[in-house]
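Undergrad: There's a structure below that I have some questions on.
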Amino acid sequence: MADKKNSNPLYGLKLEVLLTEISLHYGWELLSEALTIDRFQYHTGMKSTAKFLRNNQWAREKVENFYLYQYKNLPFPCDKQLSIPPRDRHLCCDNVEGGPADITAQSIAQMDKASKLRSYTSVGKKNKESARTEEPVYDPSDPWRVKEKNKGL
(Lines give C-alpha, C1' and ligand atoms only; values in the text may rest on other atoms or scores of the structure.)
Protein backbone atom coordinates (compact mmCIF):
# COMPACT_ATOMS: atom_id res chain seq x y z
CA MET A 1 0.00 0.00 0.00
CA ALA A 2 2.82 2.39 0.85
CA ASP A 3 4.47 1.63 -2.52
CA LYS A 4 1.33 2.71 -4.40
CA LYS A 5 1.07 5.83 -2.27
CA ASN A 6 4.66 6.86 -2.99
CA SER A 7 4.56 6.07 -6.70
CA ASN A 8 1.41 7.88 -7.87
CA PRO A 9 0.71 11.60 -7.32
CA LEU A 10 -3.04 10.93 -7.71
CA TYR A 11 -3.14 8.68 -4.65
CA GLY A 12 -5.37 10.33 -2.04
CA LEU A 13 -5.94 13.42 -4.20
CA LYS A 14 -9.56 14.52 -4.24
CA LEU A 15 -11.14 15.37 -7.58
CA GLU A 16 -12.15 18.85 -6.40
CA VAL A 17 -8.55 19.67 -5.42
CA LEU A 18 -7.24 18.41 -8.76
CA LEU A 19 -9.84 20.50 -10.65
CA THR A 20 -9.10 23.58 -8.59
CA GLU A 21 -5.37 23.35 -9.24
CA ILE A 22 -5.62 22.94 -13.01
CA SER A 23 -8.49 25.43 -13.44
CA LEU A 24 -6.66 28.15 -11.51
CA HIS A 25 -3.58 27.70 -13.65
CA TYR A 26 -5.06 27.09 -17.11
CA GLY A 27 -8.64 28.42 -16.91
CA TRP A 28 -11.83 26.65 -17.99
CA GLU A 29 -11.81 27.81 -21.62
CA LEU A 30 -8.28 26.54 -22.23
CA LEU A 31 -9.09 23.25 -20.48
CA SER A 32 -12.16 22.86 -22.68
CA GLU A 33 -10.05 23.26 -25.81
CA ALA A 34 -7.14 21.12 -24.63
CA LEU A 35 -9.20 18.23 -23.30
CA THR A 36 -12.07 18.52 -25.81
CA ILE A 37 -14.62 18.23 -23.05
CA ASP A 38 -17.48 20.57 -23.90
CA ARG A 39 -18.72 20.54 -20.31
CA PHE A 40 -15.75 22.72 -19.30
CA GLN A 41 -16.80 25.42 -21.74
CA TYR A 42 -20.09 25.84 -19.85
CA HIS A 43 -18.57 25.56 -16.38
CA THR A 44 -21.52 25.51 -13.97
CA GLY A 45 -19.57 25.16 -10.75
CA MET A 46 -16.98 22.96 -9.12
CA LYS A 47 -19.51 20.63 -7.49
CA SER A 48 -21.40 19.88 -10.72
CA THR A 49 -18.18 19.49 -12.72
CA ALA A 50 -16.79 17.03 -10.15
CA LYS A 51 -20.08 15.10 -10.25
CA PHE A 52 -19.88 14.96 -14.07
CA LEU A 53 -16.32 13.58 -13.85
CA ARG A 54 -17.30 10.99 -11.23
CA ASN A 55 -20.17 9.79 -13.44
CA ASN A 56 -18.11 9.70 -16.66
CA GLN A 57 -15.01 7.57 -16.34
CA TRP A 58 -13.63 8.62 -19.74
CA ALA A 59 -13.72 12.30 -18.74
CA ARG A 60 -12.22 11.71 -15.30
CA GLU A 61 -9.33 9.74 -16.75
CA LYS A 62 -8.75 12.40 -19.40
CA VAL A 63 -8.51 15.07 -16.68
CA GLU A 64 -6.26 12.86 -14.53
CA ASN A 65 -3.93 12.24 -17.48
CA PHE A 66 -3.83 15.96 -18.13
CA TYR A 67 -3.01 16.61 -14.47
CA LEU A 68 -0.15 14.08 -14.46
CA TYR A 69 1.48 14.82 -17.80
CA GLN A 70 0.72 18.52 -18.34
CA TYR A 71 0.25 20.10 -14.92
CA LYS A 72 2.75 17.94 -13.01
CA ASN A 73 4.88 17.64 -16.17
CA LEU A 74 5.79 13.99 -15.62
CA PRO A 75 7.35 12.09 -18.57
CA PHE A 76 4.70 10.65 -20.88
CA PRO A 77 4.46 6.84 -20.40
CA CYS A 78 4.44 4.03 -22.95
CA ASP A 79 1.21 2.76 -24.51
CA LYS A 80 1.06 -0.19 -22.11
CA GLN A 81 1.00 2.14 -19.11
CA LEU A 82 -1.56 4.43 -20.79
CA SER A 83 -3.97 1.50 -21.12
CA ILE A 84 -4.11 1.32 -17.30
CA PRO A 85 -6.36 3.80 -15.43
CA PRO A 86 -4.30 6.79 -14.18
CA ARG A 87 -4.96 6.11 -10.50
CA ASP A 88 -3.78 2.49 -10.88
CA ARG A 89 -0.56 3.26 -12.76
CA HIS A 90 2.78 2.63 -11.18
CA LEU A 91 5.03 5.61 -11.82
CA CYS A 92 8.78 5.32 -11.50
CA CYS A 93 10.24 6.66 -8.29
CA ASP A 94 12.88 8.62 -10.17
CA ASN A 95 10.26 10.71 -11.99
CA VAL A 96 10.56 14.25 -10.76
CA GLU A 97 7.57 16.54 -10.99
CA GLY A 98 8.12 19.73 -12.91
CA GLY A 99 6.14 22.91 -13.15
CA PRO A 100 3.00 23.15 -15.25
CA ALA A 101 3.75 22.86 -18.96
CA ASP A 102 2.34 25.07 -21.69
CA ILE A 103 -0.41 23.53 -23.78
CA THR A 104 0.76 22.86 -27.33
CA ALA A 105 -0.68 21.04 -30.33
CA GLN A 106 1.68 18.15 -29.57
CA SER A 107 0.49 17.88 -25.96
CA ILE A 108 -3.15 17.92 -27.09
CA ALA A 109 -2.38 15.11 -29.56
CA GLN A 110 -0.73 13.09 -26.76
CA MET A 111 -3.78 13.53 -24.51
CA ASP A 112 -6.08 12.38 -27.34
CA LYS A 113 -3.85 9.35 -27.93
CA ALA A 114 -3.92 8.49 -24.24
CA SER A 115 -7.71 8.67 -24.06
CA LYS A 116 -8.11 6.42 -27.14
CA LEU A 117 -5.95 3.66 -25.64
CA ARG A 118 -8.44 3.08 -22.84
CA SER A 119 -11.65 1.24 -23.62
CA TYR A 120 -14.76 1.77 -21.55
CA THR A 121 -17.62 -0.61 -21.12
CA SER A 122 -21.26 0.30 -21.08
CA VAL A 123 -23.33 -2.37 -19.40
CA GLY A 124 -26.92 -2.55 -20.57
CA LYS A 125 -29.79 -4.36 -18.92
CA LYS A 126 -30.08 -6.99 -21.65
CA ASN A 127 -26.62 -7.18 -23.21
CA LYS A 128 -23.21 -6.77 -21.65
CA GLU A 129 -21.17 -6.05 -24.75
CA SER A 130 -18.21 -3.76 -24.29
CA ALA A 131 -18.38 -0.54 -26.29
CA ARG A 132 -16.46 2.71 -26.27
CA THR A 133 -18.64 5.52 -25.06
CA GLU A 134 -18.22 9.03 -26.35
CA GLU A 135 -18.99 12.31 -24.66
CA PRO A 136 -22.64 13.18 -25.11
CA VAL A 137 -23.39 16.50 -26.75
CA TYR A 138 -23.82 19.11 -24.06
CA ASP A 139 -26.94 21.25 -24.33
CA PRO A 140 -26.63 24.41 -22.18
CA SER A 141 -30.42 24.80 -22.12
CA ASP A 142 -30.71 21.33 -20.51
CA PRO A 143 -27.58 20.89 -18.32
CA TRP A 144 -29.02 17.98 -16.32
CA ARG A 145 -30.24 16.14 -19.44
CA VAL A 146 -33.85 16.11 -18.23
CA LYS A 147 -35.22 16.28 -21.78
CA GLU A 148 -32.96 13.40 -22.82
CA LYS A 149 -34.12 11.21 -19.93
CA ASN A 150 -37.79 11.96 -20.60
CA LYS A 151 -37.50 10.85 -24.24
CA GLY A 152 -37.15 7.23 -23.15
CA LEU A 153 -40.37 7.30 -21.11
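The values are calculated or read from the model by the stated rules, or taken from the named source; none is laboratory data. Quantities reported herein were computed from a predicted structural model and do not represent experimental measurements. When we count neighbours, we look across all protein chains shown, and the Cβ atoms used for this are built from the backbone with ideal geometry, even at glycine.
Undergrad: Go through the stretch 86-112 and count every residue that is at pLDDT 75 or above, under 22 Å from Asn8 (Cβ atoms), of a type in the set (D, E, K, R) and part of a loop (DSSP other than H, G, I, E, B).
TA: In the first step, residues of the stretch 86-112 are kept if they are at pLDDT 75 or above; the result is 86-90, 99-112.
Still in the running and under 22 Å from Asn8 (Cβ atoms): 86-90, 99-101, 107, 110-111.
Now narrow it down to the ones that are of a type in the set (D, E, K, R): 87-89.
Filter once more, keeping what is part of a loop (DSSP other than H, G, I, E, B): 89.
Result for the stretch 86-112: 1.
Undergrad: Additional query: Among helices (runs of 4 or more DSSP H) lying entirely in the stretch 2-76, which contain 1 or more residues that are loosely packed, with under 13 Cβ neighbours inside 10 Å, without any contact (Cβ under 8 Å) to a residue 60 or more places away in the chain and under 11 Å from the mean Cα position of the chain (by Cα)?
TA: Working: elements: 2-7, 15-26, 28-35, 46-55, 57-66.
Correct list: 46-55.
Undergrad: Being at pLDDT below 85 and surrounded by 14 or more Cβ atoms within 10 Å (Cβ to Cβ) is true for just one of Ser115, Ser83, Ser130. Which residue is that? Walk me through how you get there before you give the answer.
TA: Values: Ser83 fails: surrounded by 14 or more Cβ atoms within 10 Å (Cβ to Cβ); Ser130 fails: surrounded by 14 or more Cβ atoms within 10 Å (Cβ to Cβ).
After ruling out the rest, the residue left standing is Ser115.
Undergrad: Next question, about the same structure. Among the residues that make up the stretch 63-80, is at least one of them in contact with a helix residue (DSSP H, G or I) (Cβ under 9 Å, 6 or more places away or on another chain), hydrophobic (A, V, I, L, M, F, W, C), within 23 Å of Arg145 (Cβ to Cβ) and at pLDDT 80 or above?
TA: yes
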